[in-house]
Amino acid sequence: MSHVDPSAPLEGKPSKATERKLKNEARTQIVSFVFMIFITSTAFLTVASDVIPTHFAIPFILMLAGVQVVMQLYYFMHMNAKGNGWINVMLWSGMFVAALTVAALTVIIGETKF
């Protein structure tokens, strides 16, 4: 019985399906990276140029930040891969509870000032 080293490189070329999958994955990573750079530049230029009013700038920046967080989770942290269903459920449930808590505390603090 011979021993096969699991860390040794595979012999032969990868299959066409594997090559296609890797190309698609690389393309997705590059496109999402460029889009995130665009989002970051948009946020920076929006605030730096004073194009939009101040009362609209904060919600706009927070919206762009939310989009960027979701994209980073799904594309760079591979949350869109198979087998991550329960991780997604727990993550989004935690975010929902955190947002609900912040909203409740904001209402409570806002009412005690009067």
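Readers should treat all values here as calculations from the given coordinates under stated rules, not as data from a laboratory. Since the structure is predicted, the reported quantities are computational estimates derived from the model, not experimental observations. Every residue, glycine as well, gets a Cβ built from its backbone with ideal geometry; the counts of neighbours run over all protein chains shown.
Checked against the criterion of being of a type in the set (A, V, I, L, M) and either surrounded by 13 or more Cβ atoms within 10 Å (Cβ to Cβ) or under 24 Å from PHE33 (Cβ atoms) (or both), the candidates VAL51, VAL102, VAL70 yield just one match: VAL70.
In the set PHE76, PHE60, PHE38, PHE56, only one residue is in contact (Cβ under 8 Å) with a residue 12 or more places away in the chain, exposed (fewer than 13 other Cβ atoms within 10 Å of the Cβ) and on the phi < 0 side of the Ramachandran plot; that residue is PHE76.
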